[in-house]
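Everything below concerns the one structure shown next.
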Amino acid sequence: MSNSPLPWQAELASAFRSPSELLAYLGLENSPHPACDGAAKDFPFLVTRAYADRMAKGDPADPLLRQVLPAAEEMLAVPGYGDDPVGDGAALAAPGVLHKYRGRALLITTGACAIHCRYCFRRAFPYADAQLHKSREDAALDYLAADASIGEVILSGGDPLLLSDERLTALLCRLAEIPHLKRIRIHSRVPLVLPSRIGAGLPSVLSGTRLQAVLVIHANHAQELDSTVDAALSRLRGEGVTLLNQAVLLRGVNDSVQALAELSETLFLQGVLPYYLHLLDKAAGTSHFDLPLAQALALHRELRDTLPGYLVPRLVREQAGQAAKTPAEFLAADSN
Ligand SMILES: *Cc1c(COP(=O)(O)O)cnc(C)c1O
Ligand code: SF4
């Protein structure tokens with residue numbers, strides 16, 4: 001009695017699950033490549049075909065490929081890089097609920113993603129223990145209902161848009177019943193990496209409650225934003241969803257003023273405002289993506305001199321124990 005999968009579920013099921021498969025698809029099977037099987041064992045390889053289709057064939061330095069290809073450097077133990085770089089463990093307020101900042105709380109809705117980004121700060125997150133299982137949903141919602149200072153709930157993960165429309169609808173209905181909640185915010189890479197998920201049903205699920213809906217997508221490079229993404233985003237905009245972007249500053253991906261300016265310009269063409277540009281969270285296995293703070297600040301300064309103010313994302317670092325993300329300008333020059 002299994003239902004046949006929806007088109008986006010079938011697409012996810014046919015995603016690339018090994019580096020060699022993707023490299024062959026890109027015509028890179030014969031070039032010496034840095035893919036590292038040991039790293040892929042630690043944090044499995046996963047890339048949708050929709051995302052792979054935006055990579056340049058035959059280019060081992062493609063900025064999209066670099067985000068997903070396991071590298072030998074991931075196996076290095078580097079001082080200062082650990083398994084809980086942003087203090088999520090200490091911020092777990094109830095099952096599946098991270099409450100760090102005044103006025104907003106974050107729900108870990110699922111551990112699943114539609115792509116595995118090698119720089120991910122939650123790559124070692126204990127999802128099995130911390131995510132919002134259906135059985136624990138009552139406790140999480142009780143926590144939100146009991147704290148009238150919370151006005152906004154962020155659905156995060158993993159990727160909340162991998163939940164079914166039915167599950168999302170049920171969760172949003174329950175949240176809308178909490179009188180002090182005003183907004184629902186969704187953090188998702190799905191509109192980029194699995195645009196077919198943004199089918200007819202989903203946009204109206206997000207607009208179907210009294211809560212104002214904000215969707216923060218995660219694009220790091222203009223090349224990630226093709227016409228299929230544009231079409232998915234415009235369906236969401238059509239339902240009145242406010243669209244923002246967060247990016248991570250990544251060595252070898254977007255560490256130039258030109259790449260960052262093109263990203264902002266392309267986002268705006270597709271109706272998305274740049275929100276955050278994150279300094280890399282120091283998760284174990286990600287140090288090869290990091291940039292020295294002085295270089296990040298210089299890039300950001302030049303970006304400010306290049307773009308209108310509303311296209312310049314805030315350059316920030318998440319620091320454990322702080323009341324908000326810290327603007328990079330406030331970080332000590334030697335903290336790196
Ligand atoms: C980043 C983050 C938020 C959202 O912070 P904003 O500055 O409002 O975007 C909320 N909760 C947690 C746990 C976070 O890490
Ligand atoms: S949580 Fe976001 S950054 Fe991390 S692997 Fe999933 S999609 Fe990528």
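Derivation of every value follows stated rules applied to the coordinates shown; laboratory data play no part. From a predicted model like this one, the values you see are computed outputs, not experimental measurements. Using ideal geometry, Cβ is built from the backbone for each residue, glycine included, and neighbour counts are taken over all protein chains shown.
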Could you go through the range 41-50 in sequence order and give the Karplus-derived ³J(HN,Hα) for each residue, using 6.51 cos²θ - 1.76 cosθ + 1.60 with θ = phi - 60°, rounded to whole Hz, and x for Gly and Pro?
5, 5, 9, x, 7, 7, 9, 6, 5, 4
So for the range 271-335, considering every pair of alpha-carbon atoms, how many percent are separated by more than 18 Å?
41
Gyration tensor over alpha-carbon atoms, the range 109-164, equivalent ellipsoid semi-axes in Å:
23, 13, 11
Going by average Cβ density within 10 Å per residue, which order do the peptides 15-26, 245-256 take, highest to lowest?
245-256, 15-26
Residue-averaged 222 nm ellipticity for the chain, from DSSP H runs of 4+ at -39500 (n - 2.57), nearest 500
-8500 deg cm²/dmol
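So what's the range 7-75 giving for Cα Rg divided by 2.2 N^0.38 Å, two decimals? Please report the intermediate quantities before stating the final value.
Numbers: Rg = 11.7 Å, N = 69, 2.2 N^0.38 = 11.0 Å.
Normalised Cα radius of gyration, the range 7-75: 1.07.
Over all directions, what mean area does the Cα convex hull of the range 89-335 project, stated in square nanometres? Provide the component values of the computation, followed by the final result.
Numbers: hull surface 50.8 nm².
So the mean shadow area of the Cα hull is 12.7 nm².
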Sticking to Cα atoms, compute the Rg of the range 71-171 to one decimal and its Dmax as the biggest Cα-Cα distance, whole number, in Å.
14.9, 47
³J(HN,Hα), Karplus 6.51/-1.76/1.60, whole Hz, each residue of the range 308-315, x for Gly, Pro
x, x, 6, 9, 9, x, 6, 8
Give the Rg (one decimal place) followed by the Dmax (whole number) of the range 238-311, computed from C-alpha coordinates and expressed in Å.
13.3, 41
Radius, Kirkwood style, for the range 56-100 when every pair of distinct Cα atoms is counted (Å)
14.0
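Could you give the alpha-carbon Rg of the range 80-121 over 2.2 N^0.38 Å, rounded to two decimals?
Working: Rg = 12.0 Å, N = 42, 2.2 N^0.38 = 9.1 Å.
Normalised Cα radius of gyration, the range 80-121: 1.31.
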Could you list, bin by bin from short to long, the percent of Cα-Cα pairs of the range 130-219 in 5 Å steps?
3, 13, 25, 26, 20, 9, 3, 0
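For the range 164-285, what's the relative contact order in percent, using C-alpha pairs closer than 8 Å and at least 6 residues apart? Kindly include the intermediate steps, with their values, before the conclusion.
Working: 167 pairs, mean separation 29.5, N = 122.
About 24 percent, as a whole number.
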Quick one: Debye curve from the C-alpha atoms of the range 184-277, no solvent, what's log10 I(q)/I(0) at q = 0.19 Å⁻¹?
-0.82
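Work out the P(r) tail for the range 183-230: percent of alpha carbon pairs separated by more than 11 Å, whole number. Working shown, then result.
Details: 795 of 1128 pairs.
The proportion of pairs with Cα distances above 11 Å equals 70 percent.
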